[in-house]
1. Between Q165, Q44, Q124, which gets the highest mean-square fluctuation from a Gaussian network model of the chain, Cα cutoff 10 Å?
2. Working from Cα positions, state the angle (0 to 90°, nearest 10) between the long axis of helix 191-208 and the longest principal axis of the chain.
3. Straight-line reach from K170: which aspartates and glutamates fall under 14 Å, measuring Cα to Cα and dropping same-chain residues less than 8 apart?
4. How big is the range 81-208 in terms of Cα radius of gyration and Dmax, in angstroms?
5. Around S49, which amide H atoms from residues at least 5 apart in sequence, or from another chain, sit under 5 Å from its own amide H, with H modelled in the peptide plane?
6. What list of ³J(HN,Hα) values in whole Hz, one per residue of the range 6-15 in order, does the Karplus curve 6.51 cos²θ - 1.76 cosθ + 1.60 (θ = phi - 60°) give from phi, with Gly and Pro shown as x?
7. With a 10 Å Cβ neighbour count serving as the proxy for reagent exposure, in which order, fewest first, do T29, T144 appear?
8. Please determine, in degrees from 0 to 90 and to the nearest 10, the orientation of helix 112-130 with respect to the longest principal axis defined by the Cα atoms of the chain, where the helix direction is its Cα long axis.
Amino acid sequence: MKYFFLAFTGLVAFTIGVFGFRGGKTIKTPIEIFPDMDRMDFVQSQRPSDFFHDGLGARLPVAGTVPHASDDGVFPVEFGEGRSGHYYTGAINDYFANGLPLENLGLIGEDATSEMQALLRRGQDRFSIFCAICHGESGDGTGTISDYMAAKIANLHEVRFGSDQYPDGKLYHVITYGQGLMGGYGASIPVRDRWAIVAYVRALQDSRKAPAPVPLENDNPAGGSIN
Ligand code: HEC
């Protein structure tokens, strides 16, 4: 009985000691058993920070950051006011358009050739980053992933993907929204870059087409017929 009272008194003293002063105000730093992330190493917005060499807490976007809201941004930029038609949707009057939206891409006028070359280079660069991992650098569907992916990756050199059967606008649409097992890239590739990829895919396809046959000439200077 004696021990019970001792233990009971101890327990009461402990309980009051620990919980009894809850709600009381103090200016002393409270005992922290779990800090609950009360203090963290983060920069308050609009405040300086000596972590960065220029002393600014607010940082500029990393070079190459893709803007969402600009005219040439990524999803959902094409759903904005006045953003419809060939350039943004790949379609004209509910039909996929063939050919590039030349005016929007700046491919009209004196600099058209050099602009087209620049667009193709950009397309090659973007294709290598976004598509080659699956479709392969040459577009034949044998990218690195193809060894590990059970699904068959489309070979873009197949006749059914040629521009006479598969309009440029549809290619643009597939890059934007994906198709079947392929995911869409509308949220990561800006509109202009999607068109650059379309142009580059066409260049890849043309690179595999057999050159037009050269007619044999009868007056072969080496004499005699090749046949
Ligand atoms: C993660 C792998 C992967 C990436 C990356 C990828 N694709 Fe695909 N793509 C596929 C697969 C798989 C298919 C076949 C889809 C199907 O038929 O279900 C396909 C199909 C296609 C098709 C044919 C669609 C059709 O109508 O049948 C086109 C065109 C295409 N891809 C273009 C591209 C372009 C351009 C890029 C780069 C922006 C790209 N793909 C990136 C995996 C990928």
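1. Comparing Q165, Q44, Q124 in the GNM, the peak value goes to Q44.
2. Tilt relative to the chain: about 40 degrees.
3. Here the aspartates and glutamates satisfying the reach criterion relative to K170 are D94.
4. 14.4, 48
5. Residues meeting the amide H criterion: L56, G57.
6. Ordered by residue, 3J(HN,Hα) equals 4, 4, 5, 4, x, 5, 4, 4, 5, 4 Hz.
7. Fewest-to-most ranking of T29, T144: T29, T144.
8. Helix 112-130 and the main axis of the chain meet at about 50 degrees.
Values quoted throughout were computed directly from the atomic coordinates according to the rules given, and no laboratory measurement underlies them. Computed from a predicted model, the values in this text were never measured in an experiment. Positions of Cβ are backbone-derived with ideal geometry, glycine not excepted, and every protein chain shown enters the neighbour counts.
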